[in-house]
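Quick note: the coordinates plus some simple rules give every number you see, no bench work behind them. Not measured: the values here are computed from a predicted model. Cβ sites come from the backbone with ideal geometry, for glycine too, and all protein chains shown count toward neighbours.
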Amino acid sequence: MAARRSALLSLVLAGLLLGGCDDAFAPPPVDRAAVAAATREIAAAPPARATPRTPEQDVAMLRRVADRTIRAAQSLCHAEFGRGCTFCVALVPAREANAFAHGQDGITVTSGLMRLVANEDELAAVVAHEIAHHLAGHIQEGTKRVHLGAAVGAMIGGAVTDLTGLDLGFARMGAQAGAKAAGLAFSKAQEREADYLGAHIAARAGYDLERAGALWAKLTQLPGDTATTWLDTHPAGPERLAIWRRTAEEIARDPAAMPRRGGRAA
C-alpha cells in the first residue's frame with residue numbers, strides 16, 4: 001500500500017511540474033539555424049564594457065524609460081486585468097547586474113546592470129521584461145507552485161517513511177525538493193514569455209528592438225550564461241537572442257497586433 005502511495009504521489013508531482021508548460025503568451029519558435037545565427041552575433045559582439053554615467057544620470061535615465069514603458073504597457077494591462085497598472089521602478093546600488101519583479105507592482109534594477117546598459121533602448125528591454133512578469137502573473141503562479149510542490153513533496157517523503165518504517169527526515173527533504181522543483185520547472189518558460197511580452201511592450205513604447213537586443217548579447221558574455229541545463233533559471237543566451245529577433249520580425253509585420261496567446265506558436 002505504501003509503495004503504491006509513493007508511486008501515485010510521484011506521478012502527481014510529475015503532473016504538477018509538467019502541467020504548466022504551455023505559456024499564456026506564445027513566443028515564436030526558433031530552429032537551429034536561428035540559434036546558430038544568434039550564436040555568431042554574440043561571438044561578434046564587442047566585449048561588455050561599463051558605461052560611464054553618474055548615479056544622477058542613471059536615475060534620470062531609468063525614470064524616463066520607466067515612465068515611457070509603463071505608459072505603453074497600459075493597453076496590455078487593460079486587456080489582461082480590465083484596468084490600468086501602476087508599477088514602481090527603483091534603482092538600488094549593487095555590483096551584480098540584475099533586475100527583478102517583486103510584490104504587487106515592484107520592479108528593481110541594480111546599478112550593476114545600469115553599468116552594462118549603453119542606451120535607453122537596452123534599458124527599455126529590461127524594464128519591459130520585468131513589467132511582463134507582472135502582466136503574465138508569474139509571481140503569483142510561482143508562489144502557488146512552490147507551495148503545492150512542497151506539499152506534494154512532503155507527502156512523497158511521508159510515503160517513503162511509511163514504506164521503510166524509519167523516520168529519516170524524508171518528509172522534510174521531500175518538501176524541500178518539491179518546492180525547489182516547482183520553483184525551477186517553469187522558470188525558463190516564464191523567462192521566454194517575459195522576453196516575448198516585453199518586446200511587444202518596448203516596441204509599443206517606440207524603442208528600437210534591434211538596438212535593444214544587443215543587451216542580451218552582452219548578458220550572455222557574463223559568466224554562467226553560455227549554456228543551459230534543466231536547473232538554469234534563464235534560457236541560454238543564443239536561444240534568448242534568437243527568440244528576441246524572431247519576435248521583432250513578428251512585430252514588424254503587424255505593429256498593432258496583440259501578443260499571441262496560448263501554447264507555443266506554430
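Sorting 191-200, 118-127, 94-103, 244-253 by their mean Cβ neighbour count within 10 Å, with the most densely packed peptide first, gives 191-200, 118-127, 244-253, 94-103.
Separation between the R53 and H102 pseudo-spin-labels, each 7 Å from Cα along Cα→Cβ, expressed in nm? Between R53 and H102, the simple spin-label model gives 2.1 nm. Listed values for the stretch 75-86 are Karplus-derived 3J(HN,Hα) couplings in whole Hz (6.51 cos²θ - 1.76 cosθ + 1.60, θ = phi - 60°), namely 5, 6, 4, 5, 5, 7, 10, x, 7, x, 10, 10, and x replaces Gly and Pro.
Each residue of the stretch 251-257 was assigned a 3J(HN,Hα) from its phi angle through the Karplus expression (A = 6.51, B = -1.76, C = 1.60, θ = phi - 60°), giving 5, 4, 5, 8, x, 8, 5 Hz with x at Gly and Pro. In this structure, the amide hydrogen of F25, modeled 1.01 Å from its nitrogen in the peptide plane, lies closer than 5 angstrom to those of G262, counting only residues at least 5 positions away or on a different chain. Could you point to the residue in L123, Q104, S75 farthest towards the positive end of the stretch 39-125's charge dipole, with +1 and -1 charges on the Cβ of Lys/Arg and Asp/Glu respectively? Value computed over the given set: L123. For the peptides 52-58, 130-136, 211-217, the ranking by packing is 130-136, 211-217, 52-58, with the highest mean count of neighbouring Cβ atoms within 10 Å listed first.
Once the piece of chain linking E249 and H78 is laid out straight, how much longer is it, given 0.36 nm per residue of separation minus the C-alpha distance between them?
Working: separation 171, 0.36 × 171 = 61.56 nm, distance 2.49 nm.
Result: 59.1 nm gained on full extension.
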